[in-house]
Amino acid sequence: MPYTEDLLKIWQRVIENFGDSMPRATIENMFYDIVVESFDGSVAVLSIHSEYRHSLIVKKYLEKIRSLISEQLGKQISLVFKYSGSSKYYIDQLKLEYNLPGGEPAVRIDPPKAYSGENKEEHTRPVSTLPPCNQEYTFSNFIVGNSNKFAHAACVAVAERPATDYNPLFIYGQSGLGKTHLLYAITNELIKKKPDINIIYTKSEDFTNYLVECLKDRAMDRFRQKFRSCDVLLIDDIQFIAGKDSTQEEFFHTFNALYEEHKQIILTSDRPPSDIKTLEYRLKTRFEWGLIADIQPPEFELRLAIIKKKSEQAGINIPDDVCEFLAENLRTNIRQIEGSIKKLRALSFLTGTDITMEMARGCVAELLGGAEPVSVTVDKIFAAVYKKYGIPKEDILGSRRTKEIAFARHVTSYLIRNITEMSLPNIGKLLGRDHSTIISSIDTIEKKLRTDKIFNIEIEQMIKEVNGH
């Protein structure tokens, strides 16, 4: 399809032309996974898998995209923008339906007609039944693992029975682990069950800013009416109210009013209440009235599942060995993983090649900055084992099975697994052993650690040495 190829060639230039009016990060987040489906010379068909961003792009950017494509092609074209996530599309009463293959409707905008008197805004404003929270975050696409299953279960329970068992619900964990995703998921689930429910989702900074605004306007009744009349209050990053006396005072009374009326309160933080310095004691105790759930950094298996799911959503194929490499190296948070997927997709698209290990290594180096990739850490483990037991890397990787070499091999397996979280099959490949042998090696060391205090100290010292402490 030559026309489609023409559009593919100019698509990157079209997106780059947003650069004068939008930050680069916003452009990448908003448009990175738009797919050019077809172009017949007069009508371009684009699609996106995200219902939320489909609605936002239709509302704010669709006419500009059509205009930029027309400018690049040197002629006016019509644009069809399709939401590919399901059969549901937001179509305003003034929008036209364009029957795509398969009979799915989508939003279409045509070139402006001279002297038509039409209002373009009417053609680009979508219908939405949800408030301006992120509708693409749901419980169904939250990937659950050991590190987050307790917090996920608590949020599901609150969405099913608000203000009953867990009130308040306090979720904590470092940035980028999915706390906000869970807040949005609760919101979307509650609205789906009860569309007229009064929900307020806000960040603590916005709570403070609105309080200051109402204080300046001498309109505290407005503030109290807003926050004390809701059915569910969700506040993200509540730790930022610490040290702000007026904000803490007002939130204390807001909390009490909602709690006494059996309204659900959900809070997130980067630390548990007891660790939030300069937070008033009376607030700390109230935050502990209900349920406190933590989210830990994702374990290897969860990181791997997230990488595969995110790559599927982005419409790209990442080989299994590259997925495992990313999961082994990107251990801090989910945002790192999302950043790597976006980068790999862009590299693959711009170069016209499949995703390779070399691309992944470049992404990891860029994301980790000064941090070391797993391969460097593994070399340090071999060096630490040699320093302690006098067994060189060559013997650990070799076929000799003396008692001393076998023990050093067990220790190496244990350290690689616990320091790098490399998968067991990959440790086996690295050491030239099968999966069951690696499991046996790690079990041997764990049993010895349970009974030998001196050995415990030795292993701790080796871990500190490898980690540079």
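Quick notes on this structure:
- Reachable lysines, given that their alpha-carbon falls under 17 Å from the alpha-carbon of Lys9 and they are not under 8 places away in the same chain: Lys75
- Highest mean packing comes first when the peptides 66-73, 314-321 are listed by Cβ atoms within 10 Å, giving 66-73, 314-321.
- Residues Asp40 and Arg271, FRET efficiency given R0 of 60 Å [Cβ-Cβ distance, rounded to 0.05]: 0.60
- Ranked list, fewest to most other Cβ atoms within 10 Å of each Cβ, for Leu46, Leu367: Leu367, Leu46
- Contour excess over end-to-end distance, with Cα ends at Leu8 and Lys309 and 0.36 nm allotted per residue: 105.8 nm
- Using the Cβ-Cβ distance between Thr353 and Thr451 with R0 set to 51 Å, the FRET efficiency works out to roughly 0.45.
- Karplus-derived HN-Hα couplings along the range 300-316 (A = 6.51, B = -1.76, C = 1.60, θ = phi - 60°), whole Hz, x at Gly and Pro: 3, 4, 5, 4, 5, 5, 5, 4, 5, 5, 5, 5, 5, 5, 7, x, 10
- Between the range 164-190 and the range 277-356, the Cα center-to-center distance that results, in Å: 17 Å
- With contacts taken as Cα pairs under 8 Å and at least 6 residues apart, the range 153-228 reaches a relative contact order of 22 percent.
- For Lys453, the lysines whose Cα comes closer than 18 Å to its Cα, not counting residues fewer than 8 places off in the same chain, are Lys388, Lys464.
- Nearby lysines by direct alpha-carbon distance to Lys263 (threshold 28 angstrom, same-chain neighbours under 8 apart not counted): Lys149, Lys179, Lys192, Lys193, Lys194, Lys203, Lys226, Lys244, Lys277, Lys284
- Computed on the range 276-356, with alpha-carbon pairs under 8 angstrom and 6+ residues apart, the relative contact order is 31 percent.
Coordinate-derived values only; no laboratory data. It should be emphasised that the depicted structure is a prediction, and the values quoted were computed from it without experimental measurement. Neighbour counts are summed over all protein chains in view; Cβ atoms, including those assigned to glycine, are modelled from backbone coordinates with ideal geometry.
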